Structure formats: C-alpha cells, structure tokens
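S.K.: If you scroll down you'll find the structure; I have some questions about it.
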Amino acid sequence: MPRPWTRCYEPHVPAALELPSTLLSDRLVENSRSFPKRAATIFFGTRLTYRALNEAVDRFAAGLQQLGVVTGDRVALHMPNCPQYAIAYYGALRAGAIAVPCNPLYVARELQHQLIDSGAKVAVVLSSFYNTLQSVRASTPLEHVIVANIKDYFPLHLKAAFTLLRERKEGHQVDLRGEPRTLRFPELLARAPRRPQPVRVAPEDSACLLYTGGTTGTPKGAELTHRNLLVNALQCHVWFKTNIGNEVITCALPFSHGYGMTTCLNYGVFAASTLLLIPNPRELKQVLETTHKYRATFLPGVPTLFLALSNYEDVARYDLSSVRACISGGATLSRQIKERFEALTGGKVVEGYGLSEASPVTHANPVHGGGVVGAIGLPWPEVDCKIVSTEDGTTELGPGERGELWIRGPQVMKGYWKQPDETDTVLCDGWLRTGDIASMDEQGYFVLHARKKDLIIAGGYKIYPGEIEETLFQHPHVYEAAAVGVPHPYRGETVKVFIVPKEGAALSEQEIIGWCKERLAKYKVPTAVEFRPELPKSAVGKVLRRKLVEPASAARALGAPPAC
C-alpha cells in the first residue's frame, strides 16, 4: 500500500529522473542540428523546419536586444497559435527575458491589468488584436509593440485570398505609419543580427509568468523558471514514451494557456515533434482536416473538444487512426467521451491534472496499460503528493480519505509575481497547496472530488466568480450579485448569475448579458440570469453560493436538465 505521500507507481515509468541542467531553448538548438530538415511547425500548409525556426528565434532574440531588452525584462505575447508565437516565445527566453502569455480572448481591461502587473516592456500582438492593445497602451509600461499578421506564414495563394476576401472586410489591416516605437514582426527579423549577444541564464532564473487566479479572483502571475518548463516537457516525454523526431502534435490547445504551452509547444519542441498549429480550436473542420492530412500522433485537449470532434457531422470522412494518445485535462473526462473518441481514433485517451502553479501537469493516467476512469491518474516522475486534512491543515491522510491535495516537485513555481503574501498562502515548506479536494486509492491513483471552492470551469477555462461579480456591481441598477457554475451538458459548467436589482430598477436578462459581453472575455459571460429579491447569506453576511448551486446540481442528479 502506498504511503500517504507517494511518487509515480506506473510500472513503465521511472519514479526518478535525471534532471537536465540545460535550458529549453538549448534543446531547440540541439534539434535544429539533429533534425534540421524536419518540420517544426505546419501552419495552413506552410512548413517551418527546425533549422529555420531556430534561425528565426535567434534573430528575434537579437531584435529584442536591439530594442533594449535585457535579462529579466518581460515580453508579453498576445497571439493565438501561429509560427510567430513559437518564434517570439523562444526568442524571449533566448534573450534572457520572461515570457508573459496573454489570453487572446481578453478584452482591453483584462489585457491592461496583465501588462501593468507584469511590467511588460515589449508586447508582440497579432494585428487583429492591435486596436485592443492600443486602447490601453498609454496606461501600461510598454516601450515597444511588435505587430504580427496571421497571413505572414500563409502559402502565397492563401495569403492573397486572405488579403482580398477577409482582411479588408474585417479590418485586420493595421496602419502603423506615424506610430512611435511600433514595428512589424518581419521588420524586426529583417533588421536584426543573425544571432543575439550571449546572455547568462541559469535554470533557476524566471522564464514565464503564467497568469492564474490562485486563491482569489485577482489574476496573478505564477513565476515559472527555465527548469520548471524544461522538467515538465521532459516529464511529458517520459510519460508518453515519445519517439524523438517522429511525433506529430495537433496543437488545438492555445499556447497562451499553461496546458497548451507545455503539452503542445514545449513538449513538442523538446521531442523534435512537428506542431500542427490551430489558431482557433472551435474550427473543428480544420482540426480534423489537419489531423487527417498530416497523420497526427498526439492530440492534447479538453473533454469538450473530444466531444465536439466525435459529434462533428462529417467526422467519418477523416482518418484519425494515426492518433496514438490523447491527454485530457481542464475538466472531468467522462467514460462516454473517452470511449467514443478512442473508438474513433484507435488511440488511448487518458485524463490528467495540473495547475498553472505547477507548469502545469502533475498527474495523468497511464497510456500503456492500466488507468482508472474518473481518476486524474498517478503522480508524474519526481512529483510527490499527499492528502492533507482540511480540518487542521497538517494531518496527512491515508488511502480513501478526502482532503486537500498537496504537491511537491521540480515543476512547482517560484511563487506569485510580486505577491509574497499570496505565495506564502499556497507554498508551505516546498509543498504546493492546490486547494483541490482529492483522495488516493490503494493503488496510488488520485481522484479529484471538488475544485477550489468557488471556481467555475467551463470548457476547460477557469473562471473566478469574484471577477464577474465585480463587473456586475459596476452596473448602475445592480444592488447585489452572485456568480456560480451550474452543470452544462457540453461545457461541463456554465456561468449563471443571480441579481438583486436596486429598488425600482427594471432589468432584463439581455441587458445583464450585454453588459458583461462588453467587459469580459467571451467564455466568462453568463449564459443565464436569475433575478431574486434577496440572496442567501451566512450569519456574517457572506453570500452562500452553494445554496444557489444546489437546485441545479439536484436537477442533474435526478436526470433533469438544469434550469438554465
């Protein structure tokens, strides 16, 4: 029987690893020499070899240095999955800078917070998002903005069609004439030296600020080191028994999210894989066509993606038999979704677990035999886990007992960026307190029972009620508001808000949803609104969200659809 804290019990995977002392960007250099002609990325048919990718990364790093970027400066990346993202991300790391991924779905206010909090000196932004960034630029520390165009790495015929049929229509053309300290991505590469000046970067130095809500609704930057990033990529390689230089990864998960950053971008580059870049995961036809055409072997995703692909009306037209493994995260993977996608591909779909503070992956079910449906799996190599009592916060619990999941490992963050108090809340003597309620069975498999108390997870996105409520309180006719997650057959959960209008005010569901659409990313916008004369509260006046959630949960348990 495993002890209360346990390491990997997967018989095909070593519990201990020889941790490298190099950097992730060094691995790219090695692969550019070992696999110079292998496609590193394929984007709408355009291939970028490992040699070409490494050369572009060198030039980008040198270009950043020309702009005055030095070791420790922050470089924000506000783009979907595209070649420019990979170039800018690794270019920032090679220049000794700290990458700051920004969610492409952010509205101006959300982007502004992240730029100010991180102190980003440079931002690399897709042209279609430029106006959003420009609207808040003056209030941020930004000194330079680099504008990338999605069509720059299109094949010639598609580039021309995009310019004529879509770019002009949707206003993606950006006139940068007269804009100070602003240049285009190709211009930066063209005028930069072939190689950057050498910089001293240690594995323990910070490499990435991955923003997360942590223990509150205010986004904070999980400060990840070069070692954190490299180790998590190495753990992926060992767990999935990667064939170096032979894997092909469908990259539908956004690189701006920790899950996509590690299981697609970093793991892919570490293993000299070919990355099939999908800028919009909702374009299911592109996901299927790309996976089919280029014979993808690995497809990380969330349950809603696997469900949507399985339900696609013409899915039978595509041969997905090349897919040998899929890791599912972000929400509970149901047996039905797992079995249906496995039947479609012939590959293995396994549930995993992670959090931004751990780079992010810490657990997964075995790919090569075994596994427990409904469990988040076994700890990855070098990861220690224990279940701690929520009553006293110190007692370690045994198999079958529920408590808070604590994690310790080489991929755990330094702390929250410039947030020492929040850091002390979650890091305790090297252990990361996840805030998630879990248990461990007799075989060492971990089962997640509840997420952080009020966290809403919709389609794999983490949504914090406090941020939505703050937005609602800004409405002139809202007296009280509460946001909760309610069951949803497709997204897992969806946001529902409860509103107490000010006396005499007339509010409608459409008005509340419209208000939120203007101020929140799309995935955070409520899909249902209920008006009440009052909200249930505790003796100290705290809104009891569980009392609002219970009716919908009860309806699901009885087999009835949720009220929303």
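S.K.: Using the basic label-point model (7 angstrom from Cα toward the beta carbon), what is the His157 to Lys502 distance in nanometres?
M.R.: 6.0 nm
S.K.: Report the gain in length on full extension from Thr71 to Arg335: 0.36 nm times residue separation, minus Cα-Cα distance, nm rounded to one decimal.
M.R.: Details: separation 264, 0.36 × 264 = 95.04 nm, distance 4.70 nm.
Once the chain is fully extended between Thr71 and Arg335, it gains 90.3 nm.
S.K.: Give me the net charge for the shell around Leu520: Cβ to Cβ below 9 angstrom, other residues only, Lys and Arg +1, Asp and Glu -1.
M.R.: Charge balance in the 9 Å sphere: +2.
S.K.: Now, a different point. Please give the contour-minus-distance gain from Leu19 to Phe531: 0.36 nm per residue of separation, less the Cα-Cα distance, rounded to one decimal in nm.
M.R.: 178.8 nm
S.K.: Under unit Cβ charges (Lys, Arg +1; Asp, Glu -1), what dipole magnitude, rounded to 20 debye, does region 456-557 have relative to its Cα centre?
M.R.: 380 debye
S.K.: A follow-up question, please. If you place +1 on the Cβ of every Lys and Arg, -1 on the Cβ of every Asp and Glu, and leave all else neutral, what size is the dipole of the chain about its Cα centre, to the nearest 20 Debye?
M.R.: Magnitude of the dipole: close to 1600 debye.
S.K.: Over the Cα atoms of the chain, compute the convex hull volume and normalise it per residue, giving Å³.
M.R.: 163 Å³
S.K.: So the label point goes 7 Å from the Cα of Arg200 along Cα→C-beta, right? Which residues of region 66-89 then have their backbone N under 15 Å from it?
M.R.: 71-72
S.K.: For labels at Glu342 and Ser389 in the simple 7 Å Cα→Cβ model, what's the distance in nm?
M.R.: My value for the distance between the label points is 3.8 nm.
S.K.: Rounded to the nearest 0.05, what FRET efficiency do Gln443 and Arg191 have when you use their Cβ-Cβ distance and R0 = 51 Å?
M.R.: It comes to 0.30.
S.K.: Would you mind checking the radius of gyration and Dmax of region 456-557 based on alpha-carbon positions, in Å?
M.R.: 13.2, 39
S.K.: I've got another one for you. Which value in deg cm²/dmol, rounded to the nearest 500, describes the helix-derived mean residue ellipticity at 222 nm for the chain, given -39,500 (n - 2.57) per DSSP H run of n ≥ 4 and division by the residue count?
M.R.: So the calculated ellipticity at 222 nm is -8000 deg cm²/dmol.
S.K.: What is the gain in length, in nm to one decimal, between Cys428 and Ser34 on full extension, counting 0.36 nm per residue of separation less the C-alpha to C-alpha distance? All intermediate terms of the calculation are to be shown ahead of the outcome.
M.R.: Numbers: separation 394, 0.36 × 394 = 141.84 nm, distance 4.17 nm.
Stretched fully, the Cys428-Ser34 segment lengthens by 137.7 nm.
S.K.: His477 versus Lys293, label points 7 Å from Cα toward the beta carbon: distance in nm?
M.R.: It works out to 5.0 nm between the two label points.
S.K.: Towards the positive end of the charge dipole of the chain, with charges on Cβ (+1 Lys, Arg; -1 Asp, Glu), say which of Ser139, Gly245, Val100 has the farthest Cα.
M.R.: Gly245
S.K.: If we count every other residue with Cβ under 10 angstrom of Ser334's Cβ, Lys/Arg +1 and Asp/Glu -1, where does the sum land?
M.R.: +1
S.K.: In a shell of Cβ-Cβ distance under 14 Å around Leu320, excluding Leu320 itself, what net charge do Lys and Arg (+1) and Asp and Glu (-1) give?
M.R.: Once all neighbours under 14 Å are counted, the net charge is +3.
S.K.: Considering only C-alpha atoms, what is the centroid distance from region 1-72 to region 309-354, in Å?
M.R.: 26 Å
Just so you know, all these numbers are worked out from the coordinates, no wet-lab data involved. Quantities reported herein were computed from a predicted structural model and do not represent experimental measurements. FYI the Cβ positions are ideal-geometry reconstructions off the backbone, even for glycines, and counts take in every protein chain you see.
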